[in-house]
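Readers should treat all values here as calculations from the given coordinates under stated rules, not as data from a laboratory. Computed from a predicted model, the values in this text were never measured in an experiment. Glycine gets a Cβ as well: all are built from the backbone with ideal geometry, and neighbour counts include every protein chain shown.
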């Protein structure tokens, strides 16, 4: 049973002041997916970026990069692979939503993790998106202890998954199962995971061409937030 720890899930998010930058077009991305550098992490900037099909990640430690990989990783909402062992894990853990957003981000950004990129600036920026009702976390608990989770951004019928962490077997996958259940129940049509990793592919992630992704994105956001 999914329990929510805040009012963000279920109420309309608050629109922030608009973006003041000319963001790069996704089609301008190089072979690595990088399409621009600079700008900022203000809420209006982030929302404009996601709505256009790009997302931020640091390029080196102090440079903000904007990315649009081709192909793009997604998880079809009717294609999540839930094995027998994962079903057992779902019964073992408790999942909540939006109860410890900042801590989930900080755990995802643990500097001891390989390829870590979530800086304190990113945590602050997405916590503000969370306060406004755009960013959400799903937390997995075992015996009252936070052992896994994920976070991302919901705009209209699209959810952009950003990162996950796990300190116990299947803990992040269990959070993902609950996320997909919520997305299906609330009419979402697109779960973006940016790049398909072997871990994500094992539970149903797949690559699609950037142009196909942008078509899905346009339908998913569709002026509805």
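With the simple model of a label 7 Å out from the Cα in the direction of the Cβ, residue 119 to residue 219 spans 3.7 nm. Antiparallel beta bridges, as assigned by DSSP with both residues in the chain, represent about 85 percent of the total such bridges. Classify the chain: rounded, prolate or oblate, from the alpha-carbon gyration tensor (a ≥ b ≥ c, eigenvalue square roots; a/c under 1.5 rounded; otherwise prolate if a/b is larger than b/c)? The shape class here is rounded. Counted by neighbouring Cβ atoms within 10 Å, the residues 83, 68, 172 run from fewest to most as 83, 172, 68. Relative to the current alpha-carbon distance between residue 12 and residue 206, full extension at 0.36 nm per residue lengthens the span by 66.8 nm. Exposure proxy ranking for 217, 34, based on other Cβ atoms within 10 angstrom of each Cβ and starting from the fewest, stands as 34, 217.
Helix 210-221 and the longest principal axis of the Cα set of the chain meet at an angle near 70°.
Taking only DSSP H segments of four or more residues, each worth -39500 (n - 2.57), what value at 222 nm results for the chain once the sum is divided by all its residues, to the nearest 500 deg cm²/dmol?
Dividing the helical sum by the residues of the chain leaves -9500 deg cm²/dmol.
In the chain, the longest principal axis of the Cα atoms and the axis of helix 120-132 are about 80 degrees apart. Between rounded, prolate and oblate, where does region 129-181 land on the alpha carbon gyration tensor, with a ≥ b ≥ c its root eigenvalues, rounded for a/c under 1.5, else prolate if a/b exceeds b/c? Judged from the Cα gyration tensor, region 129-181 comes out prolate (a/c at least 1.5, a/b above b/c).
Quick one: grab the alpha carbon gyration tensor of region 62-101, order the square roots of its eigenvalues as a ≥ b ≥ c, and give me rounded if a/c is under 1.5, else prolate or oblate depending on whether a/b is larger than b/c.
On the way: a/c = 3.41, a/b = 1.55, b/c = 2.20.
Cα axes put region 62-101 in the oblate bin.
With contacts taken as Cα pairs under 8 Å at a separation of at least 6 residues, the chain carries a relative contact order of 25 percent.
If neighbour count is taken as other Cβ atoms inside 10 Å, put 196, 112, 63, 169 in order from fewest to most.
Fewest-to-most ranking of 196, 112, 63, 169: 112, 63, 169, 196.
What is the distance in Å between the Cα centroid of region 63-115 and that of region 121-169? Cα centres, region 63-115 to region 121-169: 8 Å. In this calculation the C-beta distance from residue 25 to residue 132 is compared with R0 = 25 Å, giving a FRET efficiency of 0.45.
Rounded to the nearest 10 degrees, the angle from helix 171-185 to the longest Cα principal axis of the chain is 70 degrees.
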